[in-house]
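Structure first, commentary second.
The values are calculated or read from the model by the stated rules, or taken from the named source; none is laboratory data. Quick caveat, the model's predicted, so the values are computed rather than measured. No Cβ is skipped: glycine too gets one built from the backbone with ideal geometry, and neighbour counts run over all protein chains shown.
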Amino acid sequence: MTDVVLKTQNLTKRYGDFVAVNNLNLNVKAGEIFGLLGPNGAGKTTTILMLLGLTEPSEGQVQVLGFDPVRRPLSVKARVGYLPDQIGFYDGLTAYDNLAYIAKLNGLSRREAQARIEVRLDQVGLSEVSHKRVGTFSRGMRQRLGVAEVLLKEPQLIIMDEPTLGLDPEAAREFLELIRDLKSHGISVLLSSHLLHQVQAVCDRVGLFHRGQMVLEGTVEALAQRVLGGAYRIHLEADGSNVETYLRQLPGVVNVHHANGRAFEVESKSDLRAEAALAVMDAGGRLLSLNVEIPSLEEIYARYFKQEGRHAIAA
Amino acid sequence: MLSQLSSRTHVVREGSPWTGVWAVVGKEMADLLTSTRMLILELLILLTAFGTVYAAAQNLRDQTGEARFLFLKLFTTGQDPVPAFVSFLGFLVPLLAIALAFDSINGEFSQRTMSRVLAQPIYRDALLLGKFLAGLFTLALVLTTIWLLIMGLGILSLGVPPTGEEVARGLLFLLLTLCYGGVWLALAMVFSILFRQPATAALASIAVWLFFMVFWGITAQLLAQSLWPAQPSVPATILVQANREMVLNRLSPNTLYGEAMLALLNPSVRSLGLVLPMQLQGAVLGAPLPLSQSVLLIWPHLTGLIAAIILLFAVGYILFQRQEVRA
């Protein structure tokens, strides 16, 4: 197997004059959780549909697990799980029957299907309600049933579209745990969302989507560095006359704010807490408190759109 | 050479469009057969079947000695105020077919299950074909059940078994009715692809059904009269007008079904078109046609209905293939 499970080259989708996805280059590595971020209507869902071969790209190449979804849609769809946004089930059927239908469509034998369904329902904590009609399920339960369904075909890659949208905080937290659990089983995940703190909590790398283009890509720290200047903010309180000069001389420091009195704010490219403490000592000052703040994706997102002179439509 | 060939087929299309058809058929049939609307329509048809056949049997009981094709008359005899069973079927079957299909595709969208199902390793073909076949099989199941019930009821009430030819004609009639239902099934399916609201699709299907039931006959007459005016002094123009009107009328599946049904269930029908007196020279009026001749008579009607099914299905197929998956 290659290291890259998903790769697009200059992927473009036009609807008439409207360009939904514009020259997208995307790479997802094996075993990684990749977050696709962006406001509603940025082209996330269109991209996902093209990855699955459910919509044909206007231009460009897609490789999913080494297959071209346009030419080999069945091979791709047999190996990739898809959890759509606002997932729907046949409300009149039981959870078990819903999964049994999907298992049949995947060509599983009855015996195999039964075994797998039981395991998966148990894994997502729905085995007690497996013979209840899905119409009675809450949104969180449906979402978990969706994960069970996706896992039925034992996928190598799972694509999720807005998986935590509309979940209450507890259900969302449980769901994120479920995603982390998938990663520990070696499954790669591509996840689209506009709920930034949740993306930050689970994703290894993120891509920021805007008007059909990937405007930023990388780890949260890397993005912070590019957008905010420094990835780390160290807040410290210290007494002393020339603390600021000493701090500025530290390698890796991007900026130092002397807010008021004893409070300083240091922007740096790496975690410089220990060095900053030493610098305060060297300056002959007294260190009173020291704190590091990892920048949130929310901040990066807001700052990016402000820089671009556009309005960020954050959640 | 072989690898070249196989790599070329991959370029064309991977796998079979039939993958998963039977899974879809099984699931859809289970859905249809347990749905409430099916129950209502089945009850309605059963009620009409019992009512009309009972009335017909009362009427026919005294003729058991002399009349031929008693079992076929069971379908076609009406006794005031109860019309014959076949005239009920003419409008109940479309209704049943529409009820089976009007939400087949848009229902998946409104339930938000479409993208999830299409993300499985099947082609769209399998979903559409599976849904259509499930509707057709359900229709066949219902019609066959009713057919068997009527035959059984006939044996009980008339006291004579059906002849081989009666059974053969009856079975052909069943097939014809199924094809007629298939046309409406395919039409309702096209509308279910075209309209995102199941209610709109149902209304549109019913509108087409009403149009052919009520207005097409009038329209055909008016069109024929205005396009090919008949001059009373020239008999040929009258003939042309009548012929054209008949052709126009036959564009309606209802007309095709009505005519073909008549020829199948009434062996003494010798022609479905215009018959001039001179063509009847030497004919023994009222003498029944053999089955093979009746089949010959309805062959164009049967193929016409099947062609309509295929055409409508093809339209639906193209529409569905081009449809965006996202709601």
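Here are a few things to note about the model shown:
- The helices (runs of 4 or more DSSP H) found entirely in the stretch B:23-141 that carry 3 or more residues being modelled with pLDDT of 90 or more are B:36-60, B:85-101, B:106-110, B:114-118.
- Just one of (1) of a type in the set (D, E, K, R); (2) within 24 Å of the chain's Cα centre (by Cα); (3) facing chain B (nearest Cβ under 9 Å) fails for A:ARG72. It is (2).
- Out of A:PRO69, A:PRO57, one residue alone is in contact (Cβ under 8 Å) with a residue 24 or more places away in the chain, in contact with a helix residue (DSSP H, G or I) (Cβ under 7 Å, 6 or more places away or on another chain) and either basic (Lys, Arg) or under 20 Å from B:GLN323 (Cβ atoms) (or both). It is A:PRO57.
- Among the residues of the stretch A:141-169, those that are in a helix (DSSP H, G or I) and either touching a residue at least 24 places away in the same chain (Cβ under 8 Å) or within 13 Å of chain B (Cβ to nearest Cβ) (or both) comprise A:ARG142, A:GLN143, A:ARG144, A:LEU145, A:GLY146, A:VAL147, A:ALA148, A:GLU149, A:VAL150, A:LEU151, A:LEU152.
- Checked against (1) surrounded by fewer than 17 Cβ atoms within 10 Å (Cβ to Cβ); (2) at pLDDT 90 or above, A:GLU32 passes all but condition (1).
- Selection from the stretch B:69-92 of residues that are among the aromatic types (Phe, Trp, Tyr) and over 16 Å from the mean Cα position of the chain (by Cα): B:PHE69, B:PHE71, B:PHE75
- Residue among B:VAL275, B:VAL295, B:VAL325 that is under 30 Å from A:ASP161 (Cβ atoms) and of a type in the set (A, V, I, L, M): B:VAL325
- Selection status of B:LEU156, surrounded by 13 or more Cβ atoms within 10 Å (Cβ to Cβ) and assigned to a helix (DSSP H, G or I): no
- Taking first residues from the stretch A:40-54 that are at the interface with chain B (Cβ under 10 Å from one of its Cβ atoms) and partners that are hydroxyl-bearing (Ser, Thr, Tyr), the Cβ contacts under 7 Å between residues at least 6 apart in sequence or on separate chains come to A:THR46/A:THR55; A:ILE48/A:SER192; A:LEU49/A:THR55; A:LEU52/A:TYR82; A:LEU54/B:SER115.
- Meets criteria (without any contact (Cβ under 8 Å) to a residue 40 or more places away in the chain and within 26 Å of B:THR303 (Cβ to Cβ)) for B:GLY273: yes
- When residues of the stretch A:72-97 are limited to those that are among the β-branched types (Val, Ile, Thr) and not in a helix (DSSP H, G or I), the one nearest to A:HIS131 (Cα to Cα): A:THR94
- Of all residues making up the stretch B:87-116, the number that are buried (at least 21 other Cβ atoms within 10 Å of the Cβ), more than 18 Å from B:LEU136 (Cα to Cα) and of a type outside the set (Gly, Ala, Ser): 5
- Test: residue in the stretch A:86-98 that is among the charged types (D, E, K, R), without any contact (Cβ under 8 Å) to a residue 12 or more places away in the chain, at the interface with chain B (Cβ under 9 Å from one of its Cβ atoms) and closer than 30 Å to B:TRP22 by Cβ: yes
- Selection status of A:GLY212, on the phi > 0 side of the Ramachandran plot and buried (at least 21 other Cβ atoms within 10 Å of the Cβ): yes
- Qualifying residue in the stretch A:29-52 (condition: among the small types (Gly, Ala, Ser), out of contact with any strand residue (DSSP E or B) (no Cβ under 6 Å at 6 or more places or on another chain) and farther than 30 Å from A:LEU108 by Cβ): yes
- No other residue among B:THR219, B:THR200 is modelled with pLDDT under 95 and hydroxyl-bearing (Ser, Thr, Tyr) apart from B:THR219.
- Of all residues making up the stretch A:55-67, the number that are closer than 12 Å to A:LYS7 by Cα and more than 10 Å from chain B (Cβ to nearest Cβ): 7
- All of B:VAL53, B:VAL24 fail the test of being within 9 Å of chain A (Cβ to nearest Cβ) and of a type in the set (A, V, I, L, M), apart from B:VAL24.
- Of all residue pairs spaced 6 or more apart or on separate chains, those with beta-carbon atoms under 9 Å, a first member in the stretch B:220-248 that is in a loop (DSSP other than H, G, I, E, B) and a second member that is among the hydroxyl-bearing types (Ser, Thr, Tyr) are B:TRP228/B:THR237; B:PRO229/B:THR237; B:ALA230/B:THR237; B:GLN231/B:THR237.
- When the criteria are applied in full, A:GLY218 fails the requirement of being surrounded by fewer than 17 Cβ atoms within 10 Å (Cβ to Cβ), more than 30 Å from A:LYS13 (Cα to Cα) and not hydrophobic (A, V, I, L, M, F, W, C).
- From the options A:ARG173, A:ARG205, A:ARG180, residue that is closer than 30 Å to B:ARG326 by Cα and in contact with a Phe, Trp or Tyr (Cβ under 6 Å, 6 or more places away or on another chain): A:ARG205
- Among strands (runs of 3 or more DSSP E) entirely within the stretch A:190-294, having at least 3 residues that are small (Gly, Ala, Ser) singles out no element at all.
- Residue under evaluation B:ALA201, criteria (1) in contact with a Leu (Cβ under 9 Å, 6 or more places away or on another chain); (2) in a loop (DSSP other than H, G, I, E, B), criterion not met: (2)
- The stretch A:166-209 - residue that is within 12 Å of the chain's Cα centre (by Cα) and basic (Lys, Arg) and, of those, surrounded by the fewest Cβ atoms within 10 Å (Cβ to Cβ): A:ARG180
- Only residues that are outside any helix (DSSP H, G or I), among the aliphatic types (A, V, I, L, M) and farther than 20 Å from A:LEU182 by Cα were counted in the stretch A:100-129, giving 1.
- Among the residues making up the stretch A:14-39, those that are within 14 Å of chain B (Cβ to nearest Cβ) and not in a loop (DSSP other than H, G, I, E, B) are A:ARG14, A:TYR15, A:PHE18, A:ALA20, A:VAL21.
- Residues that are basic (Lys, Arg), farther than 22 Å from B:ASP125 by Cα and surrounded by 14 or more Cβ atoms within 10 Å (Cβ to Cβ) were ranked within the stretch A:99-140; the one that is farthest from the other protein chains (Cβ to nearest Cβ) is A:LYS132.
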